[in-house]
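The values are calculated or read from the model by the stated rules, or taken from the named source; none is laboratory data. All values derive from a computational prediction rather than experimental measurement. Quick reminder, even Gly has a Cβ in these numbers, built from the backbone with ideal geometry, and neighbours come from all protein chains shown.
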Amino acid sequence: MSTSQDTRLAAGDYPLSVNRPELLRTPTGKPITALTMDAVLSGELSAEDLRIAPETLELQAQLADASNRPQLAMNFRRAAEMCAIPDAEVLGMYNALRPRASTADQLASMADRLEGTWSAPVCAALVREAAEVYARRDLLARPAAGSED
Amino acid sequence: MTTTQPRRSPEPRHSLRTDVLEARPVNLDGFVEEWPEKGLVAMESAYDPAPSVRVEDGLIVELDGRQRADFDFMDTFIADHAIDVSSAEESNALPSAEIARMLIDPRASRDDVLAVTRGLTPAKVLDVLKLMNVVEIMQGMQKMRARRTPANQAHSTSARDNPVQVAADAAEGALRGFAELETTLGVLRYAPLVAIALQVGAQVGRGGVLTQCALEEATELELGMRGITAYAETISIYGTESVFIDGDDTPWSKAFLASAYASRGIKMRFTSGTGSEVQMGNAEGKSMLYLEIRCILMAKGAGVQGLQNGSISCIGVPGAVPGGCARWPRRTWSPA
């Protein structure tokens, strides 16, 4: 079995922390074997080291693909794209996707921002798809325009 | 002819124990009459659609009797994300009895069954399940289970939201082998404190145990983002479009949320509640089982890491109708 990251993983590689620990790194690039209590006490580790890395989510997506679970793989790929987006913006985007929370233009610019600013084309595609369905099912925000209805 | 004649008493004999048990309030409980028009029916309703599927240019254009232009958002999400389009027409053409037999036939492997069931529509799944009794369904579940080793979750909750009590309870739960620990709150403001107590207690009991604190969606995600919780499972989904909107979500907002959790390294499952749609007043005339199937397929389409059938807040509904007790509440599921 190759240790190259280019190798597609097989279902037997799961769980990675047991079978392929050499592939796992923290978002700051440390190997997961560096996550020890001594390192916490000496201040070598920060909270940033305890977050998941987008590369790890891609590995999990490959495991999902290898287990014939394409939807789970897509979820992990959207997640990998979202790692870079700050917490508050992710929450804001979720709230904007709620029924009648956004206009068609707002959803379109959210998709553009996901694709352009955050290099998140898979997430952008999900938002564009939502915009299309919301338009058809009357789930876009109604224009305020000073009216009561 | 036996040597001892059975004694014949004028009335059926009851032990005193039986009389006492039968007089208990729980045994005075009865079933309500089914009301299929409103979805107050557990498993079989004349208003559930008949299975059908049609694929054009790699797109499902007809699902369970509805044309694509008339799809509600559940139909659309299930057709575009959950059903395997390449095998849909072929799988749905199989007789339901044949699929039901595959589920219980030891000669049919898990992969054999999945090759067929990936393409089934919600109404076709219902058509298969209607043919099976509970024992057969459980036999099928055992074969289809994705998880190698089942694991259990425990609740560590204090009626007074006392963090010390929760921590001690969590430590014992972890020590006894529970893989996941959940807490719920009486007073919302105490959530972060109690969640931290749960986490600390659990890790003292046994390292690596996952913890969650059940709250409203966005708050729960915020606790997870801060590293105070490790998983979430009270992310509600519903079987009809109208109730989904009532819950202030859509399949797309929930799919986005699922990925948001995963992006922070948090494990997450959805929750559906059998009977929640009729309880919330918009089952759209469909049976509880049919709507539960739509929930499961929606969860699968979102690629979420699992689904729990909560049904705690609505167990009174399926429990009140004939056949409803077979819908055992509170079980979790891993996606196939």
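Data table
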{"read-out": "Any hit, the range B:262-271, residues being among the polar types (S, T, N, Q) and touching a residue at least 40 places away in the same chain (Cβ under 8 Å)", "value": "no"}
{"read-out": "Subset tally (residues that are assigned to a helix (DSSP H, G or I) and touching a Leu at 6+ places or on another chain (Cβ under 9 Å)) for the range B:142-166", "value": "4"}
{"read-out": "Selection from the range B:226-245 of residues that are facing chain A (nearest Cβ under 9 Å) and not in a loop (DSSP other than H, G, I, E, B)", "value": "B:E241, B:F244, B:I245"}
{"read-out": "Any hit, the range B:273-280, residues being surrounded by fewer than 23 Cβ atoms within 10 Å (Cβ to Cβ), modelled with pLDDT under 90 and more than 14 Å from every other protein chain (Cβ to nearest Cβ)", "value": "yes"}
{"read-out": "The one condition in (1) buried (at least 20 other Cβ atoms within 10 Å of the Cβ); (2) within 13 Å of chain A (Cβ to nearest Cβ); (3) in contact with a strand residue (DSSP E or B) (Cβ under 7 Å, 6 or more places away or on another chain); (4) not acidic (D, E) that B:R68 fails to fulfil", "value": "(1)"}
{"read-out": "For B:V135: the one exception among (1) away from chain A (no Cβ under 14 Å); (2) without any contact (Cβ under 8 Å) to a residue 40 or more places away in the chain; (3) closer than 30 Å to B:V243 by Cα", "value": "(3)"}
{"read-out": "Set A:R77, A:R69: member being under 20 Å from B:I266 (Cβ atoms), among the basic types (K, R) and facing chain B (nearest Cβ under 8 Å)", "value": "A:R69"}
{"read-out": "Identity of the residue in the range A:42-71, part of a loop (DSSP other than H, G, I, E, B) and among the charged types (D, E, K, R), that ends up nearest to the chain's Cα centre (by Cα)", "value": "A:R51"}
{"read-out": "All positions within the range B:1-60 that are in a strand (DSSP E or B) and at pLDDT 90 or above", "value": "B:V53, B:R54, B:V55, B:E56, B:L59, B:I60"}
{"read-out": "Residue within the range A:10-29 that is assigned to a helix (DSSP H, G or I) and among the basic types (K, R) present", "value": "no"}
{"read-out": "Set B:L193, B:L198, B:L223: member being assigned to a helix (DSSP H, G or I) and in contact (Cβ under 8 Å) with a residue 40 or more places away in the chain", "value": "B:L198"}
{"read-out": "Selection status of B:D75, under 25 Å from the mean Cα position of the chain (by Cα) and within 25 Å of A:E132 (Cβ to Cβ)", "value": "yes"}
{"read-out": "Complete set of residues in the range B:72-95 that are away from chain A (no Cβ under 14 Å) and either touching a residue at least 40 places away in the same chain (Cβ under 8 Å) or touching a strand residue (DSSP E or B) at 6+ places or on another chain (Cβ under 7 Å) (or both)", "value": "B:A88, B:E89, B:N92"}
{"read-out": "Meets criteria (part of a helix (DSSP H, G or I), modelled with pLDDT under 95 and under 24 Å from B:F73 (Cα atoms)) for A:L114", "value": "no"}
{"read-out": "Looking only at the range A:103-146, and only at residues there that are within 10 Å of chain B (Cβ to nearest Cβ) and among the β-branched types (V, I, T), the one that is surrounded by the most Cβ atoms within 10 Å (Cβ to Cβ)", "value": "A:V127"}
{"read-out": "Among (1) free of Cβ contacts under 8 Å to residues at least 12 places away in the same chain; (2) surrounded by 14 or more Cβ atoms within 10 Å (Cβ to Cβ), the one test that B:H14 misses", "value": "(2)"}
{"read-out": "Candidate set: the range A:80-91, residues that are surrounded by fewer than 19 Cβ atoms within 10 Å (Cβ to Cβ) and under 12 Å from the mean Cα position of the chain (by Cα); chosen: the one nearest to the other protein chains (Cβ to nearest Cβ)", "value": "A:D87"}
{"read-out": "Residues located in the range B:75-95, provided they are surrounded by 21 or more Cβ atoms within 10 Å (Cβ to Cβ) and among the hydrophobic types (A, V, I, L, M, F, W, C)", "value": "B:F77, B:I78, B:A79, B:A82, B:I83, B:A88"}
{"read-out": "Given (1) away from chain A (no Cβ under 14 Å); (2) at positive phi; (3) modelled with pLDDT of 95 or more, index of the condition B:G323 fails", "value": "(3)"}
{"read-out": "Count - residues of the range B:180-193 that are buried (at least 16 other Cβ atoms within 10 Å of the Cβ) and within 27 Å of the chain's Cα centre (by Cα)", "value": "7"}
{"read-out": "Residues of the range B:281-320 that turn out to be at pLDDT below 70 and either of a type in the set (S, T, N, Q) or in contact with a Phe, Trp or Tyr (Cβ under 6 Å, 6 or more places away or on another chain) (or both), as a count", "value": "2"}
{"read-out": "Residue in the range A:24-37 that is modelled with pLDDT of 90 or more, closer than 30 Å to B:D80 by Cβ and in contact with a Ser or Thr (Cβ under 9 Å, 6 or more places away or on another chain) present", "value": "no"}
